[in-house]
Structure formats: structure tokens, C-alpha cells
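Bear in mind these aren't lab numbers, they're just calculated from the coordinates by the rules spelled out. What you see is a predicted model, and the numbers here were worked out from it, not measured in a lab. Methodologically, a virtual Cβ is constructed for each residue, glycine included, from the backbone with ideal geometry; neighbour enumeration extends over all protein chains shown.
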Amino acid sequence: MKRKFYNKMLEWKERSNGTSVLMIEGARRVGKSYLAEEFAKNEYESYIMIDFLEENDDFKAHFNELRSDLDSLFIFLQAYFNKELKERKSLIILDEIQKFPPAREMLKYLVKDGRYDYIETGSLISISSTSDKITIPSEEEKLTMYPMDFEEFLWAMDEQLLFENVKNSFQKGLPLMQALHRKLINRYSQYIVVGGMPQAVQKFADTKNYKEVDRIKKNIISLYRDDISKAKPHLREKIRSIFDLIPSELNKHEKKFKLSDIKKGARNDEYKEAFLWLEDAKLVNMCYRATEPNIGLKMNKDKESYKCYFADTGLLLSMAFDENEPAMADIMRKLSLNKIEVNNGMLYENVVAQSLVSTGRKLYFYSSYSREADDRMEIDFLIAKSRITTSHNISPIEVKSTTRYTFTSLNKYLRKYKEYINQSYVIHTADYSERDGIIYLPAYMTILL
């Protein structure tokens, strides 16, 4: 399936020209290994893919023995894989590199040798856990791969031209025709239900079978739980508690994560490392409160107040309804057709967070709990414009899962922080419009912000 990340890989190849190693970061089953091999097939005359999860100890031992004799190493690899390597025209993929840390340590010398290009993939958590045992090569260039966004989902559905209309509408500030808008909202509902994990998207594209899609998503969630069970002993239960609580925390009207829901009297310091583990694994997208909605959101970050979104909304949905497995396929089908009453606010806010992160943004929200009614407000997301000026740098975003809503908090925010505001957005399910300085954006346009 076509992925935007492929273009980033092309940029790395041209920019690096053999002077760096590409480390593809991302959650498990997000498509790292698959895309690395597709890239190798298309962009090089030959390649070797070493899967350290599959290779036996004899192979690893011999690989390590030849670390100081690269000529012999390359002769060995060509014979072992029956692939000819061509200088500056071949790629070596080091897949699941966390299973063999010495190979990662060798990359410094492999890059210096300069004959071939190198790409690494693997589980971030396992990579991090083995990092203290080796010298990390400075030649690594890291890029993060996320679940498929809505445009990539449409590509997988063989509707490549549909999103071109969306881009045109966004750039010109015009609504789409109602027929197109309805079709896009229906496809977006499918995207929310299926999610952006490539295996699930491919199965849906091939079969439209929600039961099979849910089975794939449940398998992925099971893999994540297995990873949690391999965390450091003092962290396992804390990580598991957070992971399992995410759906119910997002289901609340106020979506800030409350540690007291895990354990009465729990403190942030106790769970900080567990949240970092989940972030490093790319299983969650953390959204922190900004104490002041102005430039330098990171400097105004309140580490004690945060929301914890799931990295993929399709997986969140399968977790939220896992107690009703026999009916899950029917639930997914009805949700995709908007024919069932659930808290769509949870799903829409999560998918907007997922979309913003996929464009490279960090997540921030704003809330104020003053005794003065005019100062009490909560804004779902804040984003900064790309070129900072002396004022008007921050765009507030409110997310609405229906076409019938009020936005009391946004009105208060507009009055109080007028000099900070670049552009105000309401993300909803209706078509594009603009009124009183607010842009009303259909949710499927989020990735264009």
C-alpha cells in the first residue's frame, strides 16, 4: 500500500548519500519492515534483508566475528543470502535489530566503509532496553512512522482522487458538494472504525469484513500486551493499568487522565516512567496542558495535567468494546454507518489527536478553572503556526462529533486571548464553512492543518 513515509525515505537517500543510517521508528505492526523492503526493491539494484528475529545464533556469532573484517563480512552475507551486493547501488536492511545489539554498534564502521546504504527497523522498547549495553552510533538518522492517515486510507480503498477534492476545498476555503461531503464522512467513519494499522486496512480493502478486521486489531493489541509483560518488573503493572484505563478515561466528558482512577492517592512521580514507556513504544499520544496559550507551548507545559490518547483510533475502538466480542463486527458496521449511539466524542477527539501527531505536531490543550465564570474554559487542542511572529501565533481547536453543538469555552477564549490567536477552528462533521472569523472544518481535513 502507498505510504507518505516512502517520500521521507527518498529524501533520506538523496540527502545522506551513504553518510548516515536510517532508523525507522514506530509502533509494532505499523508497516516498518514491509516498507523498508519495498523501498529496497524499488530504489536499489539489489538488497539484503537480515531479520535478526529469525536468524539463528550461529549466523549472529559469525556476523559478530567478522566485525573487524568487512570484506569477509560482505562476502559471507552475499553467499548466505545468495544476493550480489553492488557498491553504492545496494541496501542492507537490519530488521528487528533489537535482537542483535552488536549489529547496531557496528553501523559506525559500516557507514564509514561507505560501500552500501543501511536501514534499521525494530521494536523501540526493545531497542531502548538494549541501548545501555552498546555505544549508540551517531550516524543514525531517526524518522518516525505512524499509522496510516485518512488520505492513505483512501488510497488503500482505491479512491486516490477523492482527497484531491478535499485539498482543493481546503486551499480555496470553499465547501464541497454535499454528495462528496457525505461520501467523505462515510469513508471517515470507516477509517475511525478500521483505524490506520496497515494489516487491518488491507483486510478491510480486500474483504469489507469487519469481523476479520477486528480479529487483526485484537491480535495487534495482544502483541502490545506481550510487550508490556516484558517491561522492567517494577513497571509492568503500572503500564498495564494505564493501558487498560485509556478507553474509560477518554469516555469521560473531561478527558484528562486521572491517576486516582488507578489507585487512590497515586502520584505523577510514581507513574511518570510508565507513561514514558508507552510514549516510547508509540502506543499513546500524550497531550499536555499549556498554562498559557502563547508561543513556546513547551515552555508552558504542565506535566501534572495531561490527556492520554491511543495512537490508533481503530485499536482504541476494539479495546473499548472488547467485552462484547460476538457483537463486535455488528458494532463496527453500525458505527461506520452512524447507526449506533456511542460516545463519538471520544473517537473523534482521539482521531484528531492521531491526525495532528501524524503531521509531526506535539499535542497541547488549554484549560482554566478560575472561580470567575468568564475565565473557566477548556480548549481541546492548541497548534502553533509554522512561522512565529510578534503576536497571533496560536490556533485553538475545538472538536465536535456532531453538527449540533455549542462552544462556550471557545467564545470565552476568543474574548480573553484575542492577541494570541492566529486562526480559530471548529472540527466537526459538517462541510467547510467560515463565520465570524472561525473556520468550521470537516474532520477529514484535519491532516491538512
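Projecting label points 7 angstrom from Cα along Cα→Cβ for T403 and K167 puts them 2.8 nm apart. Legend: residue pairs K167/K208; K183/K400; K2/K400, Cα-Cα distance threshold 23 Å; pairs beyond threshold, K167/K208; K2/K400. Measuring nothing but how far apart in sequence close Cα pairs (under 8 Å, 6+ apart) lie, relative to its length, the chain scores a relative contact order of 14 percent.
For the residues K83, K211, K32, a GNM of the chain with alpha-carbon springs under 10 Å puts the largest fluctuation on K83. Considering only G26, S370, Y432, the residue lying farthest towards the positive end of the dipole of the chain is S370, judged by Cα position with unit charges set on Cβ. Under a Gaussian network description of the chain, with springs only between Cα atoms under 10 Å, the residue in E151, E372, E237 that fluctuates furthest is E372. Judged by the mean number of other Cβ atoms found within 10 Å, the most tightly packed of the peptides 291-298, 393-400 leads the ranking 393-400, 291-298. On full extension of the chain, what length is gained from D261 through S16, given 0.36 nm per residue of separation minus the C-alpha to C-alpha distance? Difference between extended and current length: 83.4 nm. What is the calculated FRET efficiency for K89 to K8, with r their C-beta to C-beta distance and R₀ = 25 Å, to the nearest 0.05? It comes to 0.75. Between amide H atoms placed 1.01 Å from N, distances below 5 Å from Y118 occur with L22, I92, all of them 5 or more places distant or on a separate chain.
Here the simple spin-label model places points 7 Å from the Cα toward Cβ, and for R387 and E434 these points are separated by 1.8 nm. A Gaussian network model of the chain, with springs between Cα atoms under 10 Å, assigns the largest mean-square fluctuation among N17, N251, N42 to N42.
Taking each residue as 0.36 nm, the span from R67 to D226 lengthens on full extension beyond its C-alpha to C-alpha distance by 54.0 nm. For the chain, a crude dipole built from +1 on the beta carbon of Lys and Arg and -1 on the beta carbon of Asp and Glu, taken about the Cα centre, is about 1440 debye to the nearest 20.
Packing-based ranking of 413-424, 99-110 yields 99-110, 413-424, ordered from highest to lowest mean Cβ neighbour count within 10 Å. Peptide packing: for 300-309, 401-410, the average count of neighbouring Cβ atoms within 10 Å per residue gives the ranking 300-309, 401-410, highest mean first. Here the range 5-144 is treated with +1 on each Lys and Arg Cβ and -1 on each Asp and Glu Cβ, and its dipole about the Cα centre works out to around 320 debye. Please report, to two decimal places, log10 I(q)/I(0) for the chain at q = 0.08, 0.11, 0.13 Å⁻¹ as given by the Debye formula with identical point scatterers on the Cα atoms and no solvent. The calculated log intensity ratios at q = 0.08, 0.11, 0.13 Å⁻¹ are -0.52, -0.95, -1.25.
Place +1 on the Cβ of every Lys and Arg and -1 on the Cβ of every Asp and Glu in the chain, take the dipole about the Cα centre, and give the residue among N186, L337, N411 whose Cα lies farthest towards its positive end. Projecting each Cα onto the dipole axis, the largest value belongs to N411. Calculated [222 nm] ellipticity per residue, helices only, for the chain: -14000 deg cm²/dmol; basis is -39500 (n - 2.57) per DSSP H run with n ≥ 4, divided by all residues, nearest 500.
Among the listed pairs K272/K307; K60/K230; K238/K307; K217/K362; K4/K217, those whose Cα-Cα separation exceeds 20 Å are K60/K230; K217/K362; K4/K217.
Each 10 Å bin from 0 upward holds the following percent of the Cα-Cα pairs of the range 5-144: 12, 48, 36, 4. Put a dot 7 Å past the Cα of R361, heading toward its Cβ, do the same for L174, and the two dots end up 2.5 nm apart.
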